[in-house]
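The structure appears below as structure tokens.
Here, each number is a calculation from the coordinates, and none is a lab measurement. Everything numeric in this text was worked out from a predicted model, so none of it was measured. Glycine also receives a Cβ, built like all others from the backbone with ideal geometry; neighbour counts cover every protein chain displayed.
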Amino acid sequence: MSLRFFTDHCVPNYVVQYLREAGHEVLRLQDHIPADSPDQVVISHAQEIDAILLSLNGDFADIVTYPPARFKGIVALQVRNHPETIIQLVQRLKNYLSINQEMEHYSGKLLVVETHRIRSRG
């Protein structure tokens, strides 16, 4: 089963392609709303199109501002000023996605993807 993602403006095109090659539907922010849209508009649009938000923006990992229970799913790739880790993060995510293939699994959750683990909140 394919998952549907909405990528924030900070997600590189090669990450989008990587997830598409894994069979997932990936919608890019810049194809739907202005690239400089505020975070609240970004996450609201992800909800409107029934997608899991995928971001490198650490703001979306803030469970006080963005309580996971209110959203269809948030995936935060934790690059932490080390862009060379993005491929490793995406590979870890891809492995997780292959096991958890239903959209319902992500609803109400925040996944924080780090190089050595994935933490789930919500």
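Figures for the structure shown
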| item | result |
| --- | --- |
| Loop-located trypsin sites (Lys or Arg not before Pro) in the range 1-92 whose Cβ has at most 14 other Cβ within 10 Å (DSSP) | Arg80 |
| Relative contact order (%) - criterion: Cα under 8 Å, at least six apart; region: the range 4-121 | 25 |
| Vicinal HN-Hα couplings computed from phi for the range 77-91 (Karplus, 6.51 cos²θ - 1.76 cosθ + 1.60; Hz; Gly/Pro x) | 7, 8, 7, 6, 6, 10, x, 5, 8, 4, 4, 5, 5, 5, 5 |
| Beta bridges per DSSP with both ends in the chain, % antiparallel, nearest 5 | 20 |
| Karplus-derived HN-Hα couplings along the range 24-32 (A = 6.51, B = -1.76, C = 1.60, θ = phi - 60°), whole Hz, x at Gly and Pro | 9, 7, 10, 9, 8, 3, 4, 8, 10 |
| Residue of Ile74, Ile49, Ile99 that the Gaussian network model of the chain assigns the largest fluctuation, springs spanning Cα pairs under 10 Å | Ile99 |
| Prolate/oblate/rounded label for the range 44-104 (Cα gyration tensor, a/c 1.5) | oblate |
| Estimated dipole of the chain in Debye, rounded to 20 [Cβ of Lys and Arg +1, of Asp and Glu -1, Cα centre] | 420 |
| Three-way shape label, the chain, alpha-carbon gyration tensor, a/c 1.5 | rounded |
